[in-house]
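Only one structure is covered here, and it is reproduced in the block below.
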Amino acid sequence: MMEFTQNIRGNVALGINPLGCKQEVLNQINYVKSKGTYEGPKKVLIIGASSSYGLATRISLAFGTGADTIGVSYEKGPKNEKNLGTAGWYNNIAFRETAEDEGLIAKNFVQDAFSHESKQEVIDYIKNEFGGKVDLVVYSLASGRRTDPDTGETYTSSIKAIGEPVVGPNINMQNQSYYTETLDPATDQEIANTVKVMGGEDWELWMKALKEADVLTDGVLTTNYSYLGTELNHDYYGGGTLGLAKADCDEKTENINALLADINGKAQIVVATAVTTKASSVIPFFPVYCIGLYKVMAEKGTHETPIMHQDRIYREMIYGNKPEYDEVGRLRPDNWELDSDTQAKTKELILKLTEENFASDLTAYDVFYKEFSNLSGFMVDGYVEKDVTIEDLKALHY
C-alpha cells in the first residue's frame, strides 16, 4: 500500500494524497447537494478550475444548477511514487468522473491558460462539442508566472509592499512557529510585472477571443474574483503589489463591458472573502489575520470555506435575490468579513497573539491548518484509506 505523507516547506504543501483530494471534492459536491438546486447558467467556462475558488465555483454550478462545464488549468500528473503530481490534477479527475456519472459534460483542458493556443482549443471545443456558446465565463486563475503570448517574455509576480517596508507577525506551518517578518517594498519593475501576471490583461484577452469567435450567448456574464481586505491587512495587500493587480482587474472590467455591450453582456468583479487557499497561505502576514478572523467569524456563524462562499455567491447573489454591490458596481460577498464588530474583535485578538499562544484555543489556527491540509488531500473528513498503486494513479485521465 502506498503511503501518502504530508510534506510542508514553509507554508507550501509539497506532499499530496490523491485519494484524499477525491474525497474532498466529493465533500464539496455533497455540501452543494445538501443546499438543493437553484436556477443558473447551463454552459460554463471556468479559467482556473482545479482548486479553491475556481473548483468551488464549478462544483456549485454543476451540482447546484446542472451546468455543463469546461475547466482550464495547468496541473501535473504522477510520474513515480515520489512525484505524484499536483492536487489539482486529481481534483479535476474527481470532478469529471462524478459530474459525468450524473449526466453532465465536464471537459478538462490541462494546459497553459495564458497561451493563444489554449484559447483556440477551448473555442473549437465550444463550437464543435459544447453546443456552440457559453453563458458564463469565470476567471479564477492564480499563478505566480505568466508568459506573454505575443512576445514570449515570461513575467514573475512579487508579493511586496509599496513605498515602505511592512513589519509584522507571520506563521510558519512547517515548524509551527510564530515570528516577525519584514516585507520589502517592490521596485517599479516588480510592480509592473505583478500587474502583468495577476492583473486583468489575460481576462480581457480571453473575452476578446471568445467574443470574436462568436461563442458567447446574448446576455453572457463573466466574473473575476478580487480581494480588497481591510485596515488590518491593507499595508501588505490592498496597499501592496497585490492591490495594484486587483485594481487593474477593475480597469479591465470597463473594457470588457464595452466589448460585450452589443450582446448585452456584463463583466462583474466579485470581491470575495478571506479563505484558505494555496495562494493565501503564502501571503506574508495573512495567515495571522486568518487565524484571528476565522475565530471571530466561527463564533458568529459566518466563517466560510471556498465551497460555502462560492455557493452563496452564485446561489444567493448572482443568480439569487440577495446581491450587494458597492458604489462602483462590484459584488460584495465579503460583507460578513467587513462587519465592523467582526473587524474590531479580530484586531483585538491579533494584538494578543504571541509565540506561546498563537496555536492555542485563543485562535482558529487549527481550522486554518486543517483547511490548508485539505487542499492537498490530508485531514479530509470522511477519508477512508484504500490500497492504491502508482500504476492505478497513472491510469487516471483528466
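The values are calculated or read from the model by the stated rules, or taken from the named source; none is laboratory data. On a predicted model such as this, the values are computed, not experimentally measured, just so you know. When we count neighbours, we look across all protein chains shown, and the Cβ atoms used for this are built from the backbone with ideal geometry, even at glycine.
Descriptive notes on the structure:
- Residue check, T253 at pLDDT 95 or above and either touching a Lys or Arg at 6+ places or on another chain (Cβ under 6 Å) or surrounded by fewer than 22 Cβ atoms within 10 Å (Cβ to Cβ) (or both): no
- Checklist (1) outside any loop (DSSP other than H, G, I, E, B); (2) touching a residue at least 40 places away in the same chain (Cβ under 8 Å) applied to M317, failing item: (2)
- Test: G292 is crowded, with 19+ Cβ neighbours inside 10 Å, of a type in the set (G, A, S) and not in a loop (DSSP other than H, G, I, E, B): yes
- For the range 250-280, a residue qualifies if it is among the polar types (S, T, N, Q), touching a strand residue (DSSP E or B) at 6+ places or on another chain (Cβ under 9 Å) and either closer than 11 Å to S226 by Cβ or in a helix (DSSP H, G or I) (or both), and the qualifying residues are T253, N255, N257, Q268.
- One residue alone among S52, S60 is small (G, A, S), in contact (Cβ under 8 Å) with a residue 60 or more places away in the chain, buried (at least 24 other Cβ atoms within 10 Å of the Cβ) and in contact with a Pro (Cβ under 7 Å, 6 or more places away or on another chain), and that residue is S52.
- Members of the range 295-308 that are closer than 20 Å to D341 by Cβ, in contact (Cβ under 8 Å) with a residue 40 or more places away in the chain and part of a helix (DSSP H, G or I): K295, V296, M297, A298, K300
- Elements of type strands (runs of 3 or more DSSP E) contained in the range 111-172, each with 2 or more residues being farther than 30 Å from F368 by Cα: 134-139, 154-156
- When L349 is tested against (1) in a helix (DSSP H, G or I); (2) more than 29 Å from N27 (Cβ to Cβ), only condition (2) is not met.
- The listed residue being within 23 Å of Q268 (Cβ to Cβ) and part of a strand (DSSP E or B), out of T182, T223, T230: T223
- Checked against the criterion of being touching a Lys or Arg at 6+ places or on another chain (Cβ under 8 Å), under 22 Å from R312 (Cβ atoms), surrounded by 24 or more Cβ atoms within 10 Å (Cβ to Cβ) and of a type in the set (S, T, Y), the range 31-41 has no qualifying residue.
- Applying the criterion of being without any contact (Cβ under 8 Å) to a residue 60 or more places away in the chain and under 27 Å from E164 (Cβ atoms) to the residues of the range 244-282, the residue that is nearest to the chain's Cα centre (by Cα) is S280.
- Checking the range 340-354 against the condition returns no match, with no residue being surrounded by fewer than 19 Cβ atoms within 10 Å (Cβ to Cβ), under 15 Å from P287 (Cβ atoms) and within 21 Å of the chain's Cα centre (by Cα).
- Remark: pairs (first residue in the range 131-145, surrounded by 24 or more Cβ atoms within 10 Å (Cβ to Cβ); second residue part of a strand (DSSP E or B) and polar (S, T, N, Q); Cβ separation under 6 Å; 6+ apart in sequence or on different chains) = V137/T222; V138/T223; Y139/N224.
- Only a single criterion out of (1) surrounded by fewer than 24 Cβ atoms within 10 Å (Cβ to Cβ); (2) among the hydroxyl-bearing types (S, T, Y); (3) in contact with a Gly (Cβ under 7 Å, 6 or more places away or on another chain); (4) in contact (Cβ under 8 Å) with a residue 40 or more places away in the chain is not satisfied by S73, namely (1).
- Qualifying residue in the range 375-392 (condition: at pLDDT 95 or above, crowded, with 20+ Cβ neighbours inside 10 Å and in a helix (DSSP H, G or I)): no
- E164 vs. criteria out of contact with any Ser or Thr (no Cβ under 9 Å at 6 or more places or on another chain) and modelled with pLDDT under 95: yes
- Residue count for the range 86-104, restricted to those that are surrounded by fewer than 18 Cβ atoms within 10 Å (Cβ to Cβ) and either over 22 Å from F63 (Cα atoms) or among the hydrophobic types (A, V, I, L, M, F, W, C) (or both): 1
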